[in-house]
1. Out of all the residues in the chain, which are modelled with pLDDT of 80 or more, open to solvent by less than 90 Å² (accessible area, probe 1.4 Å) and assigned to a loop (DSSP other than H, G, I, E, B)?
2. Could you list, ordered by first residue, the pairs with Cβ atoms under 7 Å in which the first is in the range 1-29 and on the phi < 0 side of the Ramachandran plot and the second is open to solvent by less than 70 Å² (accessible area, probe 1.4 Å) and not in a helix (DSSP H, G or I), at least 6 apart or interchain?
Amino acid sequence: YSTETQRRAALPGWLHGYNHHRHHTSIGGPPASRVTNLSGQYS
């Protein structure tokens, strides 16, 4: 990134992909799959 502003703008999307879509071998799926009651997903 050429500026701090660009880096900050890209971070939320990267974190979402990492936590919700990227398969983590050690836990058998994305980290968010291990958490119950994520924001907006209350049961």
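The values are calculated or read from the model by the stated rules, or taken from the named source; none is laboratory data. Small disclaimer: the values here were computed from a predicted structure and weren't measured. So basically every Cβ, Gly included, is an ideal-geometry build from the backbone, and we count neighbours across all protein chains shown. Remember, those area values only see protein heavy atoms, side chains included, never the ligands or the DNA or RNA. Shrake-Rupley method; radii C 1.70, N 1.55, O 1.52, S 1.80 Å.
1. If the condition is that a residue be modelled with pLDDT of 80 or more, open to solvent by less than 90 Å² (accessible area, probe 1.4 Å) and assigned to a loop (DSSP other than H, G, I, E, B), then Thr3 is the only one that fits.
2. Asn19/Pro30; His20/Pro30; His21/Pro30; Arg22/Pro30; His23/Gly29; His23/Pro30; His24/Pro30
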